[in-house]
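Here the structure is laid out as structure tokens; the discussion comes afterwards.
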Amino acid sequence: MNDIVLKMHSQHVTILVILDLSAAFGTVNHKILLERLQHDIGISGVPLQWINSYLSNRIQGIAVQGTLSRLFDLDYGVPQGSCLGPLLYVIYDSKLFNIIERHLPACTATPKILGFVKAGPRPTARDGPATQCAQCP
């Protein structure tokens, strides 16, 4: 937070983006994850088939007071509570900051702070953060 305060005192318009990742593990697209493992990480052959098997044919049900709901196929997500789940999620999500940098090239993307845009000493509503980022090439 100190970086944000310092940039604001230096007359930089500061944009803070907070991502709620509490349900993120359940949104992982298996096909995209397997493609990233193969093309970005270099995993292929039997290890890739093993990970595909690990992700495939999973089901989930909900139990309330001893009564189990019908079972649902899990076509998305990585298993939670495992050591491999968080690693697979990080690999899946590894393109996030590349996407941000591609669409906001004048801004820098880091896990802590996405970027700072220099504004005049007294920015008007017209010079606000949304306008500044919209003007990024």
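The values are calculated or read from the model by the stated rules, or taken from the named source; none is laboratory data. A quick note: this is a predicted structure, and the numbers were derived from the prediction, not measured. FYI the Cβ positions are ideal-geometry reconstructions off the backbone, even for glycines, and counts take in every protein chain you see. Keep in mind that these areas ignore ligands, DNA and RNA; they rest on the heavy atoms of the full protein, side chains included. Shrake-Rupley method; radii C 1.70, N 1.55, O 1.52, S 1.80 Å.
Select from segment 1-74 those trypsin sites (Lys or Arg not before Pro) which occupy a DSSP coil region and have at most 13 other Cβ atoms within 10 Å, ordered by residue number. Display every interim value, and only then the final one.
Working: sites: K7, K31, R36, R58, R70; in loops: R70.
Listed in order of number, the matching sites are R70.
Using a 1.4 Å probe on the protein chains only, how many percent of the accessible area of segment 1-81 belongs to carbon and sulfur? Numbers along the way, then the final one.
Details: 3370 of 6090 Å².
Here it works out to 55 percent.
Please list, in chain and number order, the residues 5+ apart from I43 or on another chain whose amide H is under 5 Å from its amide H, with Hs placed from the backbone.
Result for I43 returns Q38.
How large is ³J(HN,Hα) for each residue in segment 43-54, as worked out from phi by the Karplus curve 6.51 cos²θ - 1.76 cosθ + 1.60 (θ = phi - 60°), to whole Hz, x for Gly and Pro?
Rounded to whole hertz, the list is 7, 8, x, 4, x, 5, 5, 5, 5, 4, 5, 4.
Leaving ligands and nucleic acids out of the surface, order L96, L16 by accessible area at 1.4 Å, largest first.
Values: L96 50, L16 90 Å².
If we order L96, L16 from most to least accessible, we get L16, L96.
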